[in-house]
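Every read-out reported here was derived from the displayed coordinates using simple, explicitly stated rules and does not represent laboratory data. Here the structure is a predicted model, which means the values were calculated and not measured. Cβ placement follows ideal geometry from the backbone for every residue including glycine, while neighbour counts extend to all protein chains displayed.
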Amino acid sequence: MSRSLKVVLAVALVAAPLATAMAGKLGLGREATPEEIKAWDIDIRPDGHGLPPGKGSVKQGEDIFQAQCASCHGEFGEGKDRWPVLAGGLGSLKHDRPEKTIGSFWPEASTVFDYIKRAMPFGNAQSLTDNEIYALTAYILHLNDVIKDTNFELGQSNFQTIKLPNKDGFYDDDREVAEKHFWNRKVCMTECKPEAKVTGRAQVLDVTPDGKSGPKVD
Amino acid sequence: MTDETDRKPAPGASTNRRRFLTGTLAGGAAIAASGGEAFAQRKRKPIGPNPDNQPPNVPEWSKVLGDGVASHPYGKPSKFEAHVVRRDVEWLTASRESSINFTPLHELDGIITPNGLCFERHHGGAAVVSPFDHRLIIHGLVDKPLIFSMDDIKRFPRTNRVHFLECAANSGMEWRGAQLNGCQFTHGMIHNVMYTGVLLKDLLNEAGLKPTAKWLQVEGADSSGMNRSLPIEKALDDCLIAFKMNGEALRTEQGYPLRLVVPGWEGNLWVKWIRRIEVGDKPWFAREETSKYTDLMSDGRSRRYTFVMDAKSVVTNPSPQAPFTAKGRNVLTGVAWSGRGHITRVDVTLDGGRNWREARIDGPVLDRSMTRFYVDFDWAGNELLIQSRAHDSTGYVQPTKQELRAVRGVNNIYHNNGIQTWLVRANGETENVEIS
């Protein structure tokens with residue numbers, strides 16, 4: 001080892017912990033404590049990662065749902081006014097007006113737990129206990145005919161047995177293959193087509209569409 | 001707002017005119033009642049041409065002193081620009097806290113969107129987060145979980161990048177046909193901003209990634225706890241954790257004090273108020289990447305992880321809210337962008353795609369940024385069918401709506417980058433149409 005490198009190393013050892021200096025780290029931030037991480041780590045994955053201990057039944061879920069959710073999502077998850085629909089639409093994905101719900105569209109039940117835990121009820125997020133969330137998830141899956149038995153109790157141990165109908169309905173972005181023809185095409189600049197005719201016009205804006213018939217933003 | 005009472009909105013300019021007018025009148029009454037008679041008088045004068053202020057007369061502002069320097073510690077646009085605002089379409093969503101509004105593209109020029117006009121999309125309202133208390137935790141498959149304060153983050157090396165952020169649902173209402181009259185509503189879920197921040201890569205390096213790290217879950221501190229899965233390659237490539245936009249602190253609506261910047265990818269991934277990054281080996285299947293932001297095709301199956309925003313463009317002037325007002329010389333302008341690279345060329349047609357010309361690109365042409373284009377021409381007062389077509393540095397050419405529907409159907413909601421058509425009538429009135 002050269003003399004000058006020895007000096008550099010010696011200085012580094014004094015100035016910062018060895019690991020930091022060696023991995024090119026800046027020594028910023030501090031180690032997060034297990035308590036800090038646990039308090040914020042609320043996500044659930046399809047493989048069960050993050051699922052907390054606890055359980056709740058369809059029946060218990062129904063009571064909580066009617067008290068805390070039905071005012072927006074409707075008694076049967078049908079969605080009041082323009083609030084989101086949580087049930088129904090099974091088999092409608094190819095229809096002219098598909099109804100995308102947990103039962104008809106969502107691939108994974110873990111998403112129901114994860115989302116309710118972080119975001120619902122709307123305006124009072126992170127107020128439910130894990131047992132309540134298991135019960136609500138069970139009830140919503142019951143509304144979607146995924147869980148048939150009203151005595152069913154959903155919990156950490158049997159969560160993985162739940163399969164949603166549209167689990168296999170998704171595939172990874174294939175635009176670069178399926179839409180290859182949008183690349184490197186020769187564009188026409190003159191006399192490209194016969195005279196264009198107007199085929200559709202924007203609706204008048206000030207009209208309020210009734211109920212759910214208007215276009216929706218998700 | 002009072003100034004707007006006498007302004008005749010352009011056709012289609014106001015979506016909820018009734019509410020808008022009621023609000024305006026109430027505002028005027030409040031000013032009069034407050035006793036500022038002269039002020040109220042001055043305010044009530046119509047905004048519009050006044051021959052007394054035109055040559056050969058000496059205008060009033062040439063005779064009296066203007067405001068002193070301390071009158072506006074934080075400057076605002078001129079009162080004559082009070083109509084340049086974000087607008088929403090009330091009936092689109094059930095609540096304003098889970099809703100969107102739109103950037104007034106037809107009132108802007110160049111490539112930078114002013115901070116106060118950047119469209120908003122919230123899933124649980126715009127959280128007011130204290131920078132003193134805000135923390136970012138990185139944990140999961142890392143050597144050492146870390147927690148950062150805002151001060152910690154600002155001590156990393158900084159970088160400046162200009163990028164567009166487009167909501168995947170921009171133009172989403174138009175899949176089945178022309179719907180909304182105004183490029184603010186058809187294309188306004190986009191903004192283009194210079195971000196100052198630090199590389200996400202540097203933050204991850206500080207925690208040390210385990211070899212099994214493949215995906216991140218990024219999560220916001222708002223009441224929707226917005227969470228998305230982000231592939232590690234993208235995170236290590238060009239993502240930023242930003243704290244400034246256009247030189248000043250992020251606006252509340254844009255994630256103050258800290259947001260994720262994911263260049264070229266759909267806006268929903270750009271998590272605002274970012275509080276947590278969990279490193280994992282698989283994606284999470286969060287609600288926003290399953291229930292939402294997946295692309296339902298006509299065969300009933302859906303594309304997922306359609307992160308990149310395809311090349312797209314729109315003519316912002318003329319457009320339904322900003323029609324031509326005179327024959328003869330006119331400036332047609334618009335913006336183009338691509339999530340895959342930079343814009344290389346924009347074509348414009350005035351006759352519904354029969355003949356095209358190359359538009360003049362002006363201003364900076366940046367990677368995954370809005371690019372400004374112009375066509376300077378003489379309008380004879382004839383009917384026009386205007387379209388623009390963007391080309392990007394990967395060779396992608398913006399498709400027509402028909403071409404897009406042929407592949408993706410009409411149930412998609414997201415990623416509508418089809419060519420927009422404006423019909424300009426002989427009287428200048430401009431309408432959103434679809435053509436053969």
Self-check item: Equivalent ellipsoid semi-axes, the protein assembly as shown, via Cα gyration tensor eigenvalues times 5, rooted, Å
Solution: 42, 32, 28
Quiz item: Quick one: if the Förster radius is 41 Å, what FRET efficiency do A:GLU176 and B:ASP362 give, using the C-beta to C-beta distance and rounding to 0.05?
Solution: 0.85
Self-check item: Sites matching trypsin sites (Lys or Arg not before Pro) across the range B:62-120 that sit in DSSP coil, with at most 15 neighbouring C-beta atoms within 10 Å
Solution: B:LYS63, B:ARG96
Quiz item: If pairing requires two Cys Cβ atoms under 4.7 Å apart, which cysteines of the protein assembly as shown are left without a partner?
Solution: A:CYS69, A:CYS72, B:CYS118, B:CYS167, B:CYS183, B:CYS239
Quiz prompt | Label-point separation in nm, B:ASN160 to A:ASP96, each point 7 Å along Cα→Cβ | solution = 5.4
Quiz item: Helix B:17-33 versus the longest principal axis of chain B: what angle, 0 to 90°, nearest 10, using Cα atoms?
Solution: 70
Quiz item: If you take the C-alpha gyration tensor of the range A:53-166, multiply each eigenvalue by 5 and take the square root, what semi-axes do you get, largest first, in whole Å?
Solution: 21, 17, 12
Quiz item: Taking the Cα-to-Cβ direction at B:GLU429 and at B:ARG176 and moving 7 Å from each Cα, how far apart do the two end points lie in nm?
Solution: 2.5
Quiz prompt | Pairs from B:LYS79/B:LYS312; A:LYS38/B:LYS210; A:LYS100/A:LYS163 whose Cα-Cα separation, in the structure shown, is over 24 Å | solution = B:LYS79/B:LYS312
Quiz item: How much FRET efficiency would the formula 1/(1 + (r/R0)^6) give for B:GLN402 and B:GLU81, where r is the Cβ-Cβ distance and R0 is 45 Å, rounded to 0.05?
Solution: 0.75
Quiz item: What distance in nm separates the simple spin-label points at B:ASN50 and B:PHE132, each placed 7 Å from Cα in the Cβ direction?
Solution: 4.6
Practice problem: Compute the length gained on full extension between B:ARG354 and B:LYS63: take 0.36 nm times their separation in residues and subtract their Cα-Cα distance, giving the result in nm to one decimal. | Solution: 99.3 nm
Quiz item: Which value in Å is the Kirkwood Rh of the range B:96-219 over different Cα pairs?
Solution: 17.5
Practice problem: Take the Cβ-Cβ distance between A:THR33 and A:ASN158 as r, set R0 to 25 Å, and report the resulting FRET efficiency rounded to the nearest 0.05. | Solution: 0.15
Quiz item: Can you give the Rg to Rh ratio of chain B, both from alpha-carbon atoms, with Rh computed by the Kirkwood formula?
Solution: 1.00
